[in-house]
1. Name the residues in region B:204-258 that are polar (S, T, N, Q) and either within 14 Å of chain C (Cβ to nearest Cβ) or surrounded by fewer than 22 Cβ atoms within 10 Å (Cβ to Cβ) (or both), would you?
2. Of the conditions (1) surrounded by fewer than 18 Cβ atoms within 10 Å (Cβ to Cβ); (2) not assigned by TED's automatic domain parsing to the domain that holds residue B:247, residue B:70 satisfies every one except a single condition; which number is it?
3. Please determine, by comparing only the residues of region A:13-48 that are modelled with pLDDT of 80 or more and more than 20 Å from the chain's Cα centre (by Cα), which one is surrounded by the most Cβ atoms within 10 Å (Cβ to Cβ).
4. For the structure I just gave you, tell me whether residue C:345 is hydroxyl-bearing (Ser, Thr, Tyr) and facing another protein chain (nearest Cβ under 10 Å).
5. Among helices (runs of 4 or more DSSP H) lying entirely in region B:112-187, which contain 3 or more residues that are within 20 Å of residue B:93 (Cα to Cα) and among the aliphatic types (A, V, I, L, M)?
6. Would you check if residue C:387 is among the acidic types (Asp, Glu), crowded, with 23+ Cβ neighbours inside 10 Å and more than 9 Å from every other protein chain (Cβ to nearest Cβ)?
7. Go through region B:307-342 and give me each residue that's aromatic (Phe, Trp, Tyr) and touching a helix residue (DSSP H, G or I) at 6+ places or on another chain (Cβ under 6 Å).
8. Do you know which residues across region B:47-99 are under 22 Å from residue B:256 (Cβ atoms) and charged (D, E, K, R)?
Amino acid sequence: MTEQEIYQRLQARFDDSILGFESDIPQPVVSCTPEAVGDIAKYLRDDPALSFDRLLCLSGVDYEGLDEKGKGKHREINRYEEDGTVNPVEDPGTGDLAVVYHLESFKHHHRLCLSVRVPRETPKIASVGHVWITAQYGERETYDFFGIEFEGNPDLRRLFLPEDWVGWPLRKDYEMPVRYNDVPLEGLGLAVRDEQ
Amino acid sequence: MHETLSNLPLLSGLPAQVLVVLAMVSAGGIILGCIAVGGMFFIWSERKVAGYIQSRYGPMYVGGWHGVLQSLADGVKLLLKEDIWPEKADKPLWRMAPLLVFLGAFLSFVVLPFGPNFVGANLDIGLFYVMATSSLVVMGVISAGWGSNNKWALYGALRGAAQVISYEIPLGLALLPVVMSTGSLNLGTIIQAQAGWIHNWHLLNPLFFVSFWIYVISSLAEVNRVPFDLPETESELVSGYHTEYTGMKFAFFFLGEYADMFVVSAIGVTVFLGGWYSGIPALDVPALFPLIFILKSFFLVFVQIWLRWTLPRLRVDQLMYVCWKVFIPIALANLLLYGVIRTVLS
Amino acid sequence: MTDVRPHQDIATPAGDIAKPIKSELLHINMGPQHPSTHGVLRLFITTDGEMVTKVVPYLGYLHRCAEKIAEGNTYHQYIIYTDRMDYLAAMNCNWTYCLAVENTLRSLGVEVEIPEYAEYVRVIIGELNRIASHLIAFGTYGLDIGAMTPFFHALREREAILNIFEKVCGARLMYSYYDVGGVKWDIPDDAMDEIKLFIDLFPAKLDEYNELLTGNKIFVERTANVGVLDAATCIDYGCTGPVLRGSGVKHDLRKDDPYSIYDRFDFDIPVGTGTVGTVGDCWDRYHVRMLEMYESWRIIQQAVDRIPPRGEVMAKMPKNLKVPPGQGYYRAENPKGEMGFYIISDGGTVPFRCKTRSPAFHNLHIIEHVGKGQMISDLCATIGSLDLVLGEIDR
Amino acid sequence: MVKFVTDIWDTFSTVFKGMGITARYMRKKPVTQQFPEERWALPDRFRGFVHNDVPRCTSCTLCAKACPVDCIYIEMEGKGKDRRMTRFAIDYNKCIWCSLCTEPCPTNCITMSHDYDHSVYLREKLVYEFVGDPVIPFKPKKAAREEEAEA
């Protein structure tokens, strides 16, 4: 089944929740609302004509600095200046966050990319952990790095970073803390000469 | 021995009680020295054998030829090492454990018959004595595991206790037919029953053949060697009951293990492999007896080393399965069979 | 392919298993410094005697936030960070990443014409590294079970492969040999001779391994019927590679979704058959790796026979690589399973987002499920059979 | 019962088979090299410590830009004809021996050498300074012309 047909099938079933379909790119993307993603996932897996039984990859994306069509200027992420200070981002991010699901079906050998945008202020999305168990870890990872809350995930904790870490590192407007638990996190090597 | 001492010119004037104590101390010192030197040699040879099995050399530098003094260097290093102990350890138990482990092996050396007249104490219950003293090891293992206040060590201790105590049974049952045959627990008597040509060895007696295999395998479990090294399982329990030990305490565990290996091998040689007899009557000169005995024991130790670097290890329930459902029934059946045959033949 | 799973909601894996008798539970930290967690994996296990009742992995001890680094480095520079993901199969990680960038470029209308010779070089080197990675898996698995000698024998053969790699690219572990559009250098003559020598010698060694470890009764007893994973569970947990194939699912991207020139070679996909136990037990997963080494050997043999005369190894690429705006998820079969890169480009020289789908990360998750109700020794055996590489899990 | 016997037989036979293999290896010569005495020949492409041939360095900073871990430090002072390179340092604490810096170098002055055993006791000593007094950067004919055109 092509992505176009899958999209039509989804649209027939979840009329309002399916927001759009980008078909002019090589791997077409279906987008939907964050609340409906749990139901859509269940349908995608259980419908015999679709039967997407594998979640290949669950990724979070911060679209800050990238406009709707995927075209825009790359924005410099925070980097250390020569003197050791952090280059702060002037305005806090306004772009959407997104969760992207790459699905594949063992039975029919078709693939689908499902993209769900969530607002930056209230990043909440339904969990698909009960549909594909592997998503539980992917969701924890995405929560860890983007701060997107997956409602319904049984164990939504940070996965890689310590529990008391502040901030969401993979967001484009993230600022590296100078210290963590009194350990300086300077990014400079020994080779930078002391100016004094 | 104290009589020998009293003949020495320097000590001739001393009272007999002092001489006895002196004799005991010096005998203990000799055994201790033998264990230490022997243990070092075994450690070195284990590393060399392991190396060659694994296509590498093993120790090569210390002591010139093929690193013969490597173990000595390691011993010195262990002596000089800081003695670290866990803060919440059960101190008395924790300190006692390495000594207990070592003591088991140390006491067994007393009765090992290196030659007809070359034995520390020619006990009539020699075999029984060895079985009893080697059980002391398990006390050491348990107190090490419990005293360390470490969960991994505790697991090692529990496994060790279950294993060593279980395997005492097939070990003893395997030795029983030989005892029935010779009618004595005296190790010298058992050896003397195997004098003459090689076919007199108990190993080549078809009735004792099964006993020998059960003995060899159970003895591996008795001294915690692969495939039965469950108490220390370095890949599961990190290092088992001696995880927390450093320095000389650790060295005692190590020495105890290798001394134990020698003891069980020596008992195996005594009971099944003709002891100090070479198997060819022409070669059986008293001067060669200790050499033959030690060489045979070394061979069994070598087999233990060889097995260690060949085999994976068992799981704890499989270990128990092998003991209770394989060895003990076979050993019992073997005992019964031997008894029946013996009665019928006599 | 057949429908392998009956569709129903699976209960969440959290929670303890029922205890038969009233006893106290022991909480133990297994790792991050533990010999059988293969790196800095920390498992928080709850045990009831020897029985493990709950396993909770804690990750992040090797976390470098490679995905954030990707956003600050050019497409070329990020290749060296992919080395450090699966450090036992760095060539394959390089390859997957370069493949992803090339495919992204292609799909966005940029011509990337990889020379035929370079494709063969990629296959030969990639398969050699697959063998090297599986050798480590085989060796460390022996170590987990308690046999130390296979490990050294495996390292000896791996050393031969590393010598080849050193001649080819100058490094023994962190190769960064593949480049977007080909490979950086061609294979020198002496390295080619060594590859041929390796092809001649390897099957005999493989037989020896099988005799030493695979067939050993103790090894079979330790691994058969242990850590059984059925196909449906594997798919639910997103397992790929030998873990999935060990459960009897014939899935290999080299056949199912052929990339590079894999469709030109004749090789089989080994799957677990439950020869000595149940389908999907530790022994099957282990044995699939052993068979895969043989298949890789076959591929290398064919590739060395058919390699075209020496020529260009790099496509004509712009010096400052810019990827047009767009996105794509591309994947390849790594020794550990399906590795994928999801690249979003904004038209610049650095990726806007570069997400890595690492196979071991997904394979690890199943520990929570399969670890329950096992003995501690079995847990070690199961972890070993999953062949985890923490560099890849933590990224 | 049959399984009981065959299991015992299997165990013994496979154990003896394994022991046969290990016994075979005990007689073979080991494959390892005794490192400090025996050293293996380094291949041509070996990536050892990075070496900078300062007299040929144009101080174009392409290598520093190519470095993914930013371990090359190049400092200059002055402009135009007075331009001096005051510092060219490589921090080997950070270097990952990827050889990306050697690729863009216009004069091939930064190369991967065959040295690999420069261990030191202090981390500071791993910062290699290649320039003492300020030096005039090397100007190949073409590069010099380009610079004039820029000016």
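The values are calculated or read from the model by the stated rules, or taken from the named source; none is laboratory data. Predicted, not measured: the structure shown is a model, and the values here were computed from it. Heads up, the Cβs are rebuilt from the backbone with ideal geometry, glycines too, and the neighbour counts pull from every protein chain shown.
1. B:205, B:224, B:233, B:235, B:239, B:243, B:246
2. Residue B:70 satisfies every listed condition except (1).
3. Going through the qualifying residues, I end up with A:45.
4. For residue C:345, the condition - hydroxyl-bearing (Ser, Thr, Tyr) and facing another protein chain (nearest Cβ under 10 Å) - is met.
5. B:136-147, B:151-182
6. When the stated conditions are applied, residue C:387 passes them.
7. If we filter region B:307-342 for residues that are aromatic (Phe, Trp, Tyr), which is where we start, we get B:309, B:321, B:324, B:327, B:338.
Correct list: B:309, B:327, B:338.
8. If the condition is that a residue be under 22 Å from residue B:256 (Cβ atoms) and charged (D, E, K, R), then B:47, B:48, B:74, B:77, B:81, B:82, B:83, B:90, B:91, B:95 are the ones that fit.
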